[in-house]
1. Scan segment 28-60 residue by residue and report those that are part of a strand (DSSP E or B) and closer than 20 Å to residue 73 by Cβ.
2. Restricting attention to segment 133-152, which residues are assigned to a strand (DSSP E or B) and either at pLDDT 90 or above or loosely packed, with under 14 Cβ neighbours inside 10 Å (or both)?
3. Quick check on my filter: what residues within segment 113-132 are open to solvent by 60 Å² or more (accessible area, probe 1.4 Å) and in contact (Cβ under 8 Å) with a residue 12 or more places away in the chain?
4. Surrounded by 15 or more Cβ atoms within 10 Å (Cβ to Cβ), without any contact (Cβ under 8 Å) to a residue 12 or more places away in the chain and more than 30 Å from residue 370 (Cβ to Cβ): is that true of residue 205 in this structure?
5. Within segment 417-429, is even one residue in contact with a Leu (Cβ under 8 Å, 6 or more places away or on another chain) and on the phi > 0 side of the Ramachandran plot?
6. Specify the residue that is modelled with the highest pLDDT; the eligible residues are those in segment 351-390 that are touching a Phe, Trp or Tyr at 6+ places or on another chain (Cβ under 9 Å) and among the basic types (Lys, Arg).
7. Condition check: surrounded by 20 or more Cβ atoms within 10 Å (Cβ to Cβ) and under 24 Å from residue 420 (Cβ atoms). Does residue 364 satisfy that?
8. Which condition from (1) in a loop (DSSP other than H, G, I, E, B); (2) modelled with pLDDT of 95 or more is the one that residue 226 breaks?
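The values are calculated or read from the model by the stated rules, or taken from the named source; none is laboratory data. None of the values given here were measured: they were computed from a predicted structure. FYI the Cβ positions are ideal-geometry reconstructions off the backbone, even for glycines, and counts take in every protein chain you see. Protein only, heavy atoms only, side chains kept; ligands, DNA and RNA dropped before computing areas. Shrake-Rupley method; radii C 1.70, N 1.55, O 1.52, S 1.80 Å.
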Amino acid sequence: MAAVRALGVLLLLLLLEPAAALWPQPQAQRSPPAGGRCPLPPRRFRFAHANGSAVGPGCAVLQAAFQRYWALLFAAARPTEDEPPWGTPCTQLLVFVATPGCDGFPSLDSKENCLETFSQLVGRDENGTYYINKTEIVDFPRFPHRGLLLDTSRHYLPLRAILETLDVMAYNKFNVFHWHIVDDPSFPYESLTFPELSKQGAFNAMTHVYTASDVQTVIEYARLRGIRVVAEFDTPGHTLSWGPGAPGLLTPCYLGKEPSGSYGPINPILNSTYQFVTSLFKEVSTVFPDFFLHLGGDEVDFTCWKSNPKIHAFMKEMGFGEDYKKLESFYIQRLLDIVSSLGKGYIVWQEVFDNGVKVRPDTIIHVWKENSTPYMEEMGNVTRAGYRALLSAPWYLNRISYGQDWIVAYQVEPLEFEGSPEQKERVIGGEACMWGEYVDVTNLAPRLWPRAGAVAERLWSNRTVRDLQDAYVRLAEFRCRLLGRGVPAQPLYVGYCDNEFGGL
């Protein structure tokens, strides 16, 4: 407890320093020795394209960003804001884009240049004058994949909550929204090919579904913020909600020689299964424009398969013996071939790798387990085999504890495993995960923010950025900034914000 109290005192001391506390921390930041401030008059300040920029005013993504950040910067400005009382004002920020093309969908290889860093440099003095300190910034991400998973099956998240989360992801420089859209409890994705899936599988087919329009809204909202949307349709397990709308898809479980009336994972021995999967993923691959789909492949319970006499006979015919991992691999191999034929790449949970499924060399393995094999050892195994890896195991933010649990997430180093430099290069990033057993719209934002920011900085900033006391000061200030932007981010520890949530 003494250490925590000392950290709180440190916050009070360091907030007296004038340097901007940026989050995530840039690769390099320097204020010239002479210092100096430049006032920003809201009525005159504009973002603009620099001469020689590869894209100009016709770029809708940048124009939308300019409007969005102008509103964020000057939200409290009076319509008739007077000219600044001191200094020569700064009236525009010139944005230079080196590569042509800006209105497409972001990808794993996209170059990232955002206005978030600039927005965090802007302050307001006691007279209400907006200003920016002279600062030199060099900023770029350490890892290209910096994701956040939301689970919309265990609790339905309203469209508004997803869009608001995308906003805060952009503030934290997350660039991948991993949409775990369906699972055992409910199937809220409204499929045009198989409309019965949501009609029979959603909690409420009228109110708790994502229509085609909703999905497109999420994708476009994310695109304008430089965020990729990677959808996950997890199979063959985690599919109980699929059954009512797709008769014959799931495996009938047996009790002795008779069906028990319950069902297990997708039935992997029927041709009709693969016809269904082909049609569904053909639709999904068209709806979601990102090159990658997340295909799951985790936590397959073999109990039902083992009880089914037809599956037992198929195992014998295929020479699988009693090894049901071989049956799981048989299904997943066919699924991966189907998705590949649709021109998509795929991400899979680590069980697919652990069970020896043959996957394409460009497959991304998502490491999530903490129990059987230590996750850093798993990262070494995956990259040693030549595959790219994503890390999530230490970043399950749905798990909470009393105290500053953001520190545990912050101290993770994704490359802290034994391996060659070539292996380390295969780690493309990671994701914070917010699973939904105990999370819905009432507690999503406070549980996410600012805790997810710890993961965001670990994936964005240099490996050497590890000072916990400095991180606490910057994250606490960033949390106050989030409150000012209307985000109900929970406190790190004792303290206050000048702009408390709700305008107090």
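1. If we filter segment 28-60 for residues that are part of a strand (DSSP E or B), which is where we start, we get 28-30, 37-39, 46-49.
Answer for segment 28-60, where residues must be part of a strand (DSSP E or B) and closer than 20 Å to residue 73 by Cβ: 29, 37, 38, 39, 46, 47, 48, 49.
2. 136, 138, 145, 146, 147, 148, 149, 150, 151
3. 113, 114, 124, 127
4. Details: surrounded by 15 or more Cβ atoms within 10 Å (Cβ to Cβ): yes; without any contact (Cβ under 8 Å) to a residue 12 or more places away in the chain: yes; more than 30 Å from residue 370 (Cβ to Cβ): yes.
For residue 205, the condition - surrounded by 15 or more Cβ atoms within 10 Å (Cβ to Cβ), without any contact (Cβ under 8 Å) to a residue 12 or more places away in the chain and more than 30 Å from residue 370 (Cβ to Cβ) - is met.
5. Yes, that holds for at least one residue.
6. 369
7. Working: surrounded by 20 or more Cβ atoms within 10 Å (Cβ to Cβ): yes; under 24 Å from residue 420 (Cβ atoms): yes.
Yes: the conditions hold for residue 364.
8. The one condition residue 226 does not meet is (2).
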